[in-house]
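Report on one structure; see the data block that follows.
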Amino acid sequence: MAEGGPVRDFEDLLRVVRALAFAFDTDTVYIVGSQAILASMSDAPEATRQSPEIDAFPANAKVWEMKEAKHTRDGVQPIASEHIDGLFGSESQFHRTHGFYIDGVDETTAKLPRGWLNRAVRVQTEVGGRTVTGVAPALEDLVVSKLARLDDRDKRFVSAIHGTRPLDLELIEQRIRKTDLDPTVAEQAIAYVRSLASEG
């Protein structure tokens, strides 16, 4: 997260969904990373929304890659995330127009608890005369994905949320244990969650 500067809002999230849905001709776009909070907490504190990027990928990324590979003559395998970066990444026209960029990622980028997709927040918007859906982790699952790294930025992110809307820390601890993390990382994340409880 950048310090200061413009903050992202819900319309930015919808703009990402529309952009990728159109570019990849898909009805579903996944948003992960810190700015996925825009789907579940529209009143999220500004400290959590000061990011120049939104991480996302289309649901049909693998299918798109297979189709595009049939049209390549140089033997280079098309990668959806690289295509996103080229169209909507840093210093792109999209970035210059909207003040933020889309970071192309994939389904392995965020460490999320098992079953997160069943709990995901879904938002809808229109593009090209059709309804498209953005899918983002529920708040607790998003917090777990940030705790999987637990660098200073992630700690500030989680602390800012907890200070605005107290989190269900017991539930988050349960979700950490349902995430494929290195045991040492998991215990560090749990220790941090418990420290939030003692601060409360």
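The values are calculated or read from the model by the stated rules, or taken from the named source; none is laboratory data. Fair warning: this is a prediction, and the values are worked out from it, not measured in the lab. Cβ sites come from the backbone with ideal geometry, for glycine too, and all protein chains shown count toward neighbours. Side chains included, ligands, DNA and RNA excluded: accessible areas come from the protein's heavy atoms. Shrake-Rupley method; radii C 1.70, N 1.55, O 1.52, S 1.80 Å.
Among the residues of the stretch 114-139, those that are in a helix (DSSP H, G or I) and crowded, with 19+ Cβ neighbours inside 10 Å comprise 116, 139. Scanning the stretch 101-131 for residues that are in contact with a strand residue (DSSP E or B) (Cβ under 6 Å, 6 or more places away or on another chain) and among the hydrophobic types (A, V, I, L, M, F, W, C) yields 102, 105, 110, 120, 121, 123. Residue selection: residue 147 satisfies the criterion of being free of Cβ contacts under 8 Å to residues at least 60 places away in the same chain, under 15 Å from the mean Cα position of the chain (by Cα) and either open to solvent by less than 70 Å² (accessible area, probe 1.4 Å) or within 17 Å of residue 41 (Cα to Cα) (or both). Could you tell me whether residue 51 is touching a Phe, Trp or Tyr at 6+ places or on another chain (Cβ under 6 Å), under 29 Å from residue 148 (Cα atoms), hydroxyl-bearing (Ser, Thr, Tyr) and in contact (Cβ under 8 Å) with a residue 24 or more places away in the chain? It is false that residue 51 is touching a Phe, Trp or Tyr at 6+ places or on another chain (Cβ under 6 Å), under 29 Å from residue 148 (Cα atoms), hydroxyl-bearing (Ser, Thr, Tyr) and in contact (Cβ under 8 Å) with a residue 24 or more places away in the chain. Quick one: is residue 121 without any contact (Cβ under 8 Å) to a residue 40 or more places away in the chain and either touching a helix residue (DSSP H, G or I) at 6+ places or on another chain (Cβ under 6 Å) or within 16 Å of residue 56 (Cα to Cα) (or both)? Considered against the rule, which asks whether it is without any contact (Cβ under 8 Å) to a residue 40 or more places away in the chain and either touching a helix residue (DSSP H, G or I) at 6+ places or on another chain (Cβ under 6 Å) or within 16 Å of residue 56 (Cα to Cα) (or both), residue 121 comes out as no. Suppose we keep only residues that are closer than 19 Å to residue 110 by Cβ and open to solvent by 30 Å² or more (accessible area, probe 1.4 Å) within the stretch 150-171. Which one would you say is modelled with the highest pLDDT? Residue satisfying both the conditions and the ranking: 171.
When we screen 20, 14 for residues that are over 18 Å from residue 163 (Cα atoms), in a helix (DSSP H, G or I) and open to solvent by less than 10 Å² (accessible area, probe 1.4 Å), the only hit is 20.
Looking across the stretch 76-91 at every residue that is in a loop (DSSP other than H, G, I, E, B) and touching a strand residue (DSSP E or B) at 6+ places or on another chain (Cβ under 6 Å), the one that is surrounded by the most Cβ atoms within 10 Å (Cβ to Cβ) is identified as 89.
Restricted to the stretch 172-193, and to residues that are surrounded by fewer than 12 Cβ atoms within 10 Å (Cβ to Cβ) and not β-branched (Val, Ile, Thr), which residue is nearest to residue 34 (Cα to Cα)? The extreme case among them is 180.
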